[in-house]
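One structure is given here, and the rest of the page talks about it.
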Amino acid sequence: MDIKEKIRTIPHFPKQGIMFRDITTLLKDPDGFHHVILHLAERYSRMDIDVVAGIESRGFILGGAVAALLKKGFVPIRKKGKLPGKVVRYEYELEYGKDIIEVHEDAIRKGDRVLLIDDLVATGGTAGAAIKLIEQLGGNVIEAAFVIDLPDLKGRERILPTPSYAMVAFEGE
């Protein structure tokens, strides 16, 4: 199945010159969504994974579904202030400022093998921060999986040495 055709492109969002790759059209398509989840679950079904982590917010949808198929727990990585209880946070640089992501301090145990999932990797800033956050708790990210890669922005290169996988790539920003 060509999932690229099920992903909508919105020109000039959130600013002029950006081609926003919107997976909500893929999520809405029952066959496309099913294909993505099954593909990712099959890819990771023979790997030794303790837990699946997903980055807010589309990573929750994808990661939660993959975790359920793999019969693994799911850990949400959220923006600052969204999780109750004790959290560990990681501050990172964005193109225009800083952001903070958080995870519950007991969500990942030392030595856990973690599959990290998000919808898209662009510059690698958020994925890199999520990897650092998982490592802060003693977890090991075995791979970072994405539906979409924007290779011109070199995000997958920036999260090395963590292995990564993307189902499709779109050239440009």
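For the residue pairs 4/98; 4/132; 6/28, the alpha carbons lie more than 19 Å apart in 4/98; 4/132. The length gained on full extension between residue 48 and residue 100, counted as 0.36 nm times the residue separation minus their Cα-Cα distance, comes to 15.8 nm.
With each label modelled as a point 7 angstrom along the Cα→C-beta vector, the residue 57-residue 109 pair spans 3.3 nm. Across the range 85-101, rounded Karplus estimates of 3J(HN,Hα) from the backbone phi angles (6.51 cos²θ - 1.76 cosθ + 1.60, θ = phi - 60°) give x, 7, 10, 10, 10, 9, 9, 9, 7, 10, 4, 10, x, 10, 9, 9, 10 Hz, Gly and Pro being marked x.
If you add up the charges near residue 50, with Lys and Arg at +1 and Asp and Glu at -1, over every other residue whose beta carbon is less than 15 angstrom from its beta carbon, what do you get?
My count for the surroundings of residue 50 gives +1.
Each residue, residue 169 and residue 152, gets one label point 7 Å from its Cα in the Cβ direction; the gap between the two is 1.3 nm. Between residue 24 and residue 140, full extension at 0.36 nm per residue minus the direct alpha carbon distance yields a gain of 38.8 nm.
A short reminder: the numbers here are calculations on the coordinates, not readings from a lab. If you're wondering where the values come from, they're calculated on a predicted model, not measured in any experiment. As a convention, Cβ positions derive from the backbone with ideal geometry for all residues, glycine included, and neighbour counts pool all protein chains shown.
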